[in-house]
Amino acid sequence: RGECPLEYKICKPTFNSALSEREIEVMRCLYDGMNIDQISDKLYISPDTIRTHKRNALQRTGTHSLQEFFIYARDKNLFNQ
């Protein structure tokens, strides 16, 4: 340990768990009860992009469903920023 100059860079990379502003925006719309088509019209992005933001947000927060994400968001005060 401590001998490799690349330790914690290649061997144990850290994962960026911060959500992007757009991911938070998409998840907020889902939280407000909007469906994918409504979000697409409101944010001017494709339904596939919305699904990608949703998937990334779930991955980054370690949640496995929208309900679990909404509990996470409430506990972390994510939508009140």
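The values are calculated or read from the model by the stated rules, or taken from the named source; none is laboratory data. Bear in mind the structure is a predicted one, so any value in this text is a computation, not a measurement. Accessible surface is based on the protein model in full, side chains and every heavy atom, while ligands, DNA and RNA are left aside. Shrake-Rupley method; radii C 1.70, N 1.55, O 1.52, S 1.80 Å.
Based on alpha-carbon centroids, what's the gap between the range 48-74 and the range 23-47 in Å, whole number please?
If you average the Cα positions of each part, the centres end up 13 Å apart.
Could you report the accessible area of Tyr72 in Å², rounded to 10, computed with a 1.4 Å probe on the protein chains as they sit in the structure?
70 Å²
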